[in-house]
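Enquirer: Before I ask anything, let me first share the structure, which is written out below as structure tokens.
The values are calculated or read from the model by the stated rules, or taken from the named source; none is laboratory data. No experiment lies behind these values; they were computed from the predicted model shown. Note that each Cβ is placed from the backbone with ideal geometry, even for glycine, and that neighbours are counted across all protein chains shown.
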Amino acid sequence: MIRVSDETTTGTKASPGGGEQRVVIVGAGMAGVQTAVALREQGWTGEIVLLGEETHQPYDRPPLSKAVLLGKADGSTLDVDFAGLGIGLRLGVRVTGLRADKRLVETGAGPVPYDILVIATGAEPIPLPGTEGVPGVHLLRTLDDAERLRPVLARQREIVVVGAGWIGAEFATAAREAGCVVTVVEAADRPLAGALPAEVAAPMTAWYEDCGARLVTGARVTSVDEDGLLLADGTRLRAGAVVVGIGARPATDWLAGSDVELAEDRSVAADDRLRTSVPDVYAVGDCASFPSARYGTRLLVHHWDNALQGPRTVAANVVGSRTAAHFPGSVYDPVPYFWSEQFGRFVQYAGHHSEADELVWRGDPAGAAWSVCWLREGALVALLAVGRPRDLAQGRKLIERGARLDRTRATDPSVPLKSAVR
Ligand SMILES: Cc1cc2nc3c(=O)[nH]c(=O)nc-3n(C[C@H](O)[C@H](O)[C@H](O)COP(=O)(O)OP(=O)(O)OC[C@H]3O[C@@H](n4cnc5c(N)ncnc54)[C@H](O)[C@@H]3O)c2cc1C
């Protein structure tokens, strides 16, 4: 076991740039690492301790369901010179609790005191009930998961994927590329039911078949064993491996009993400056939700760009809180962005839409490239681009500006989106 620290007291002296103060970051994923780096970039001179449960050098997750899975890349280690930046990276350390009254976090290797704490523990995949410990059942979140799945693909096993969400689609793509027989079962009546309206997801159904995967919708799994699974309608599906991709939830169990307020979805309920309900404790990345004035709702974003952008705001607020007498705080209200590579297509989404927003199509959804815009009172609030990165790049800026679009021009895919502004 790693001895983390035997200190139990902390200094509270404020000095420019951090001075003798210590920032402890829990979670050495993208958000945790970026927070540490951003703190240095923004002039934090105090100590930075980065605690991570995994034993691997910090790495990036998106390649796990793409190149790493297929063996085209060994890993996706983040290229950060921790020692050179004076970041105290401690791996293999699971944080088990927060004692805000004593300003310390608890670990199996002893307490770690902080002056400022950043919670960046990300998310964990939701297991399919009853499948924990069943041989041949996999999740895909960590490098270890991807390494366990690589030989499954290489042996071209017959695979059933549970869940036609983003991860399920990317895994199915990789498994087909590896030559596996793939069946995807989805409880809803379409792929991406939680993310996109029926008419937008409808054309995506064909993508599965086009790449040789079988998609079974409206299919509820009742049991899973070593040989496959049973659906509620009595259908038995044989499988050499079952991959469960039914979503992820914030990894916040360790905060039970602390004063950090959680939202209903178990995310840390941060404010618009990514501060938690406890003084000097911030939260960022997949584990944290924040109120968006732009969209008039609380957002929990489980995408890479949020784990890149949020840390810059946290760092600005940490540094500002210690260097300025009356620091108002930097507000986090991004236009969320993510991408997915599935079935030979590059899918990108920016913004946030609701059911009430108006849909405007650009291009033929049966074709290789098309986009969909969501308008609210004429203003562009979100955009999905399939093989149209220029639409995405322009749309993202227009969303940021709250630009209003001329519907007729926006519908014409030959008109650059930026030229469709009213
Ligand atoms: C397979 C896969 C593919 C993806 N592909 C895309 C994509 O194509 N596009 C996109 O936009 N997004 C993608 N994402 C999402 C993106 O990777 C995440 O949004 C991003 O990794 C979130 O970063 P994070 O640091 O908040 O959380 P994580 O990456 O989950 O990092 C949190 C870290 O904290 C550690 N931790 C948790 N609890 C504790 C504890 N108690 N003590 C110590 N350490 C702890 C965890 O071990 C983990 O290493 C993908 C995700 C996965 C899993």
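Enquirer: At pLDDT 95 or above, within 13 Å of the ligand (Cβ to nearest atom), more than 30 Å from residue 198 (Cα to Cα) and crowded, with 22+ Cβ neighbours inside 10 Å - does that describe any residue in the stretch 338-357?
Expert: no
Enquirer: Ok, one more. Which of the residues spanning the stretch 358-384 are surrounded by fewer than 17 Cβ atoms within 10 Å (Cβ to Cβ) and of a type in the set (S, T, N, Q)?
Expert: none
Enquirer: Can we say residue 318 is part of a loop (DSSP other than H, G, I, E, B), outside the structural domain of residue 379 (by TED's automatic domain parsing), aliphatic (A, V, I, L, M) and away from the ligand (no atom under 11 Å from the Cβ)?
Expert: So residue 318 does not fit the description; no.
Enquirer: Give me the pairs, please: first residue somewhere in the stretch 385-402 and surrounded by 14 or more Cβ atoms within 10 Å (Cβ to Cβ), second residue anywhere and at pLDDT below 95, beta-carbon distance under 6 Å, and either six or more positions apart or on two chains.
Expert: 387/368
Enquirer: For the stretch 107-120, check the following and say yes or no: at least one residue is more than 20 Å from residue 245 (Cβ to Cβ), in contact with a helix residue (DSSP H, G or I) (Cβ under 7 Å, 6 or more places away or on another chain) and assigned to a loop (DSSP other than H, G, I, E, B). Step through it out loud before you land on a result.
Expert: At the first step, the residues of the stretch 107-120 found to be more than 20 Å from residue 245 (Cβ to Cβ) are 107-120.
Within this subset, residues satisfying the condition of being in contact with a helix residue (DSSP H, G or I) (Cβ under 7 Å, 6 or more places away or on another chain) are 116, 118-120.
Now restrict to residues that are assigned to a loop (DSSP other than H, G, I, E, B): 120.
For the stretch 107-120, residues more than 20 Å from residue 245 (Cβ to Cβ), in contact with a helix residue (DSSP H, G or I) (Cβ under 7 Å, 6 or more places away or on another chain) and assigned to a loop (DSSP other than H, G, I, E, B): present.
Enquirer: Sort out which residues of the stretch 36-70 are within 9 Å of the ligand (Cβ to nearest atom) and in a loop (DSSP other than H, G, I, E, B), and write them in order of number.
Expert: Here is the first cut: in the stretch 36-70, the ones within 9 Å of the ligand (Cβ to nearest atom) are 51-54, 56, 58-66, 68-69.
Within the stretch 36-70, 53, 54, 56, 58, 60, 61, 66, 68, 69 meet the criteria.
Enquirer: Then there's this: Take residue 30 and tell me if it is at pLDDT below 95 and within 16 Å of the ligand (Cβ to nearest atom).
Expert: So residue 30 does not fit the description; no.
Enquirer: Further, regarding this structure: Scan the stretch 294-309 for residues that are surrounded by 18 or more Cβ atoms within 10 Å (Cβ to Cβ) and either in contact with a Leu (Cβ under 6 Å, 6 or more places away or on another chain) or of a type in the set (S, T, N, Q) (or both) and jot them down.
Expert: Those that are surrounded by 18 or more Cβ atoms within 10 Å (Cβ to Cβ) and either in contact with a Leu (Cβ under 6 Å, 6 or more places away or on another chain) or of a type in the set (S, T, N, Q) (or both): 306, 309.
Enquirer: Are any residues in the stretch 107-155 β-branched (Val, Ile, Thr) and either within 16 Å of the ligand (Cβ to nearest atom) or free of Cβ contacts under 8 Å to residues at least 40 places away in the same chain (or both), and if so, which ones?
Expert: Hits for the stretch 107-155 are 107, 112, 118, 119, 121, 126, 142, 152.
Enquirer: State the number of residues belonging to the stretch 316-333 that are over 16 Å from residue 284 (Cα atoms) and surrounded by 15 or more Cβ atoms within 10 Å (Cβ to Cβ). Even if it seems obvious, please write down each step before you answer.
Expert: Going through the stretch 316-333, the residues over 16 Å from residue 284 (Cα atoms) turn out to be 320-328.
Narrowing further to those that are surrounded by 15 or more Cβ atoms within 10 Å (Cβ to Cβ): 320-323.
Residues meeting the conditions: 4.
Enquirer: Separate question: From the list 262, 274, exactly one residue is of a type outside the set (Val, Ile, Thr), crowded, with 23+ Cβ neighbours inside 10 Å, away from the ligand (no atom under 11 Å from the Cβ) and free of Cβ contacts under 8 Å to residues at least 60 places away in the same chain. Which is it?
Expert: Step by step, each of 262, 274 is checked, and only 274 is of a type outside the set (Val, Ile, Thr), crowded, with 23+ Cβ neighbours inside 10 Å, away from the ligand (no atom under 11 Å from the Cβ) and free of Cβ contacts under 8 Å to residues at least 60 places away in the same chain.
Enquirer: Here's another thing I want to ask about it. Quick check on the stretch 171-189. Is at least one of its residues within 11 Å of the ligand (Cβ to nearest atom) and not in a loop (DSSP other than H, G, I, E, B)? Break it down stepwise before answering.
Expert: We begin by selecting, within the stretch 171-189, every residue within 11 Å of the ligand (Cβ to nearest atom); these are 171, 174.
Now narrow it down to the ones that are not in a loop (DSSP other than H, G, I, E, B): 171, 174.
There is at least one residue in the stretch 171-189 that is within 11 Å of the ligand (Cβ to nearest atom) and not in a loop (DSSP other than H, G, I, E, B).
Enquirer: Taking the stretch 96-106 only, how many residues are within 16 Å of the ligand (Cβ to nearest atom) and either crowded, with 16+ Cβ neighbours inside 10 Å or β-branched (Val, Ile, Thr) (or both)?
Expert: The qualifying residues number 6.
Enquirer: Any residue that is free of Cβ contacts under 8 Å to residues at least 40 places away in the same chain and surrounded by fewer than 17 Cβ atoms within 10 Å (Cβ to Cβ) - is there at least one of those in the stretch 161-182?
Expert: The answer is yes, given that some residue of the stretch 161-182 is free of Cβ contacts under 8 Å to residues at least 40 places away in the same chain and surrounded by fewer than 17 Cβ atoms within 10 Å (Cβ to Cβ).
Enquirer: Moving on. Might you check whether a residue that is among the small types (Gly, Ala, Ser) and assigned to a strand (DSSP E or B) occurs anywhere in the stretch 267-274?
Expert: yes
Enquirer: Then there's this: Could you check the stretch 19-30 and list, in sequence order, the residues that are under 15 Å from residue 281 (Cα atoms) and not in a loop (DSSP other than H, G, I, E, B)?
Expert: Matches in the stretch 19-30: 22, 23, 24, 25, 26.
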